[in-house]
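A short worksheet on the structure shown next.
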Amino acid sequence: MRVLLVGSGGREHALAWALAASPLCDELICAPGNAGIAEEARCVPVKAEDIPGIVRLAREERIDFVVVGPEAPLVAGLVDALEEAGIAAFGPRKAAAALEGSKGFTKDLCTRKAIPTAAYERFTDAAMAKAYISARGAPIVVKADGLAAGKGVVVAQSVEEAHKAVDAMMTEHVFGAAGNEVVIEDLLVGEEASYFALCDGTHAIPLGAAQDHKRVYDGDRGPNTGGMGAYSPAPVVTPDIARQTMDRIILPALQGLAEAGTPFKGVLFAGLMIGAKGPQLIEFNVRFGDPECQVLVPRLHSDLLAAFVAARDGQLKNFALRWDDRAALCVVMAAQGYPGTVRAGTKIHGVEDAKAVDDVLVFHAGTRREGDALVAAGGRVLGITALGATVAEAQARAYRAVDSIDWPEGFCRRDIGALAIARTA
Ligand code: AMP
Ligand code: GLY
């Protein structure tokens, strides 16, 4: 098969690493890719959001199968455009990708299918949203309905803070059209985890659980980021919690979308709050998490491309995946200033030394080549993943590899995995 992978982050490097290793894959092309992906695939400078450009590229390169990594092209209808052009593509169509594209859409599906989630209301009028907040009281959560690059959620500790969030989203339009509608919901308490399932429209098979570290600094301090590190499996997701997540959240959502005539194919990512009532849904995403993908894929022994093809073809019923029993842990190295403004073009040394540590993989996110030099080209720059018999062993290995990287303009958290290690100690 000639395979086209769409995207340019650490998630896509992990996918490229696994797809390139598939016996089914004759050639792997990536649009637009990065310096690390270029070691696994031929990179072509077409942006992931450029739908006509990606369709043209797939035609020109006689692509048999497209794998779409990020949410924006999925929500914008890339899979629809490819399939309509006769090109098989892995990922949800636009109508099903609304699970991530519209928080209100997901909440209404939860109501229809009795999926456990926070009580909520949807608003298109700022005054009505504020009146609801005043009546409901704080703490309370304000969410922009549409895609806001992970920044559209305010967990407000006071009514005043929640009112300000409504003004920012609905009146000042800080997230553009994504904030024309808001969802106001109750606060959920517990421990957060990410749960992933591979879906073919009707059936779902578990891809396992992971825990992300969203805040930028150690001890979960500082602003939210795309994710500073992750590990898998997540001890908080016991076999019983995993079963409840499949039965009460993943499968009812698939059934609800199939009933609506918009079946979901692709990776369904449930953001969970695990508390006294078991797992409750915070949100759905319609793709692998990043960095979560960088700890799930290295644990997979089965052929990822075969699994994606089976999902696209509606053939997961008798499909099984084999997993490594070991834990994987990923430490993200970011450019100083992230998640704010960062400086591009700083030189990174020592990646080969990091890769030489046993059971370590180095995935690139924002990187590019300048001659022979590897330079930073984004906020999150590298993901250092290690496998180990325990999370503690994987953590020790990952930081040994991190410490061999010489990049003064970069930083990372030093406590990735601490929660899991404390839980299992
Ligand atoms: P989201 O973009 O929906 O994943 O929200 C971002 C983050 O906000 C989540 O990872 C949670 O930490 C937090 N969050 C969102 N909704 C709630 C809620 N209802 N209760 C508590 N925390 C929430
Ligand atoms: N790491 C969280 C996400 O990919 O949405």
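Values in this text are rule-based calculations from the coordinates and carry no lab data. Everything numeric here is computed off the predicted structure, so don't read it as measured data. Virtual Cβ from ideal backbone geometry, glycine too; neighbours counted across all protein chains shown.
Figures for the structure shown
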quantity: Modelled FRET efficiency - R0 30 Å, Ala135 with Thr238, Cβ distances, 0.05 increments; calculated: 0.20
quantity: Linear extension gain, Leu187 paired with Glu39, 0.36 nm per residue minus alpha-carbon span; calculated: 48.9 nm
quantity: Karplus 3J(HN,Hα) series, Hz, for segment 367-376 with 6.51 cos²θ - 1.76 cosθ + 1.60 (x for Gly, Pro); calculated: 9, 8, 8, 10, x, 8, 7, 9, 10, 6
quantity: Estimated FRET transfer efficiency (Phe319, Asp108; beta-carbon r; R0 51 Å; 0.05); calculated: 0.95
quantity: Of every Cα-Cα pair in segment 231-272, the percent that sits beyond 17 Å; calculated: 38 percent
quantity: Cα-centre dipole for the chain with unit charges at Cβ (Lys and Arg positive, Asp and Glu negative), debye to 20; calculated: 400 debye
quantity: Of Lys107/Lys143; Lys265/Lys317; Lys94/Lys265; Lys143/Lys265, pairs whose Cα-Cα distance is over 21 Å; calculated: Lys143/Lys265
quantity: Alpha-carbon centroids, segment 341-356 and segment 280-340: separation in whole Å; calculated: 24 Å
quantity: Dipole magnitude of segment 201-308 about its Cα centre (Cβ charges: Lys, Arg +1; Asp, Glu -1), debye to nearest 20; calculated: 100 debye
quantity: Whole-Å distance, taken between Cα centres, linking segment 210-270 and segment 121-185; calculated: 23 Å
quantity: When the convex hull of its Cα atoms is projected in every direction, mean area for segment 309-396 (nm²); calculated: 8.7 nm²
quantity: Relative contact order (%) - segment 1-109, alpha-carbon pairs under 8 angstrom, separation at least six; calculated: 24 percent
quantity: Charge sum, other residues only, whose C-beta stays under 14 Å from Asp167's C-beta, Lys/Arg counted +1 and Asp/Glu -1; calculated: -2
quantity: The chain - mean residue ellipticity at 222 nm from DSSP helices (-39,500 (n - 2.57) per run, n ≥ 4, rounded to 500); calculated: -8000 deg cm²/dmol
quantity: Where labels lie 7 Å past Cα in the beta-carbon direction, separation of Leu24 and Ser158 in nm; calculated: 5.6 nm
quantity: Residue among Ala276, Ala72, Ala320 farthest towards the positive dipole end of the chain, charges placed on Cβ; calculated: Ala276
quantity: Contact order normalised by residue count of the chain, Cα under 8 Å, 6+ apart, percent; calculated: 16 percent
